[in-house]
Structures are given as C-alpha cells and as structure tokens.
C-alpha cells in the first residue's frame with residue numbers, strides 16, 4: 001500500500017501553474033490543510049507530477065482522505081504514500097493497514113450508481129456512506145466529476 005494513480009488532467013486547480021502543470025509543494029500542503037482532516041504531521045513533496053507524502057496520521061480514514069485530497073489535484077498523476085504512517089493506538093491492538101478501496105468517477109456516474117456498483121444491486125441508498133467518507137473534499141452529493149477519485153468505505157450494517 002503506497003502508490004496511487006490519478007488522472008492528471010482532472011481535479012481542482014491550485015497554485016499558479018498552467019493547466020497540466022503540477023502545483024508546488026507549498027500549494028498542495030496548503031490545500032491539504034484547508035480540509036482540516038488532521039494532517040498537521042504530514043510533509044508534502046512534489047516531484048514532477050507525483051506527490052510524496054511522509055509523516056503520521058491518526059487512522060486509516062485520514063490516511064485515505066489525505067491521499068485523495070492531494071491526488072484529486074489538477075496536474076497530479078500519482079501519490080506515493082509509502083512513508084505516510086498510521087499512528088498506533090496505545091489502548092488497542094494495532095490492526096494491519098487495509099488496502100484502501102478507491103473508485104474513479106466516470107461520465108454519467110452519481111453516488112447512487114457508484115454505491116450499487118461497489119456494494120451490490122439494491123444498495124444504492126448506501127450512497128450517503130460514500131458521501132460521508134469523502135467529506136470535507138465533497139461538499140454536495142451531486143458535485144462529483146469524471147476523473148475524480150473517491151474513497152469507498154467498508155459497508156456499515
């Protein structure tokens with residue numbers, strides 16, 4: 001678990017670069033901090049069109065949100081998170097890190113269709129779990145776009 005691919009020509013434009021240019025590390029770090037998801041111990045480096053993440057996050061969901069928050073940036077085609085670690089909880093037995101499930105939005109998709117495709121027929125109503133898992137990067141369930149990568153959380157009962 002460490003390399004994640006994104007569509008370079010899709011995503012939020014940040015920084016001063018051109019349309020296909022990757023933003024600088026400071027712009028990516030500022031964008032990441034704006035989501036206020038607990039990434040104050042994360043370092044960001046940009047190498048060509050790849051973002052390298054290093055440091056520590058509190059849990060698996062913050063790890064995944066960190067990856068998609070920077071990966072869904074115009075000009076970024078890959079996120080390397082091999083040196084981004086999840087903090088160990090002193091009160092619990094550490095669980096092995098799970099491979100995150102990500103989904104790349106296609107033309108004509110909506111969260112209902114994605115939920116049915118990921119969770120099974122008749123489970124479209126679980127689209128709210130996908131929306132909640134992608135907050136604060138998603139601000140409205142209808143505001144997804146082709147090429148955007150979303151976290152797909154495990155289905156809650």
Q: Can you give me the number of residues within segment 24-41 that are under 17 Å from residue 76 (Cα atoms) and either touching a helix residue (DSSP H, G or I) at 6+ places or on another chain (Cβ under 6 Å) or outside the structural domain of residue 67 (by TED's automatic domain parsing) (or both)?
A: 2
Q: From 40, 20, 36, grab the single residue that is in a loop (DSSP other than H, G, I, E, B), in contact (Cβ under 8 Å) with a residue 60 or more places away in the chain and exposed (fewer than 14 other Cβ atoms within 10 Å of the Cβ).
A: 36
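Is it fair to say residue 14 is at pLDDT below 95, within 13 Å of the chain's Cα centre (by Cα) and assigned to a loop (DSSP other than H, G, I, E, B)? Working first, answer last.
Values: at pLDDT below 95: yes; within 13 Å of the chain's Cα centre (by Cα): no; assigned to a loop (DSSP other than H, G, I, E, B): yes.
So residue 14 fails the test.
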Q: Collect the residues in segment 124-143 that are part of a loop (DSSP other than H, G, I, E, B) and without any contact (Cβ under 8 Å) to a residue 60 or more places away in the chain, keeping them in residue-number order.
A: 135, 138, 139, 140, 141, 142, 143
Q: Please tell me if residue 52 is in contact (Cβ under 8 Å) with a residue 40 or more places away in the chain and in contact with a strand residue (DSSP E or B) (Cβ under 7 Å, 6 or more places away or on another chain).
A: no
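The values are calculated or read from the model by the stated rules, or taken from the named source; none is laboratory data. Values in this document were obtained by computation on a predicted structure and should not be read as measured data. Here the Cβ is made from the backbone with ideal geometry for all residues, glycine too, and neighbour counts use every protein chain on show.
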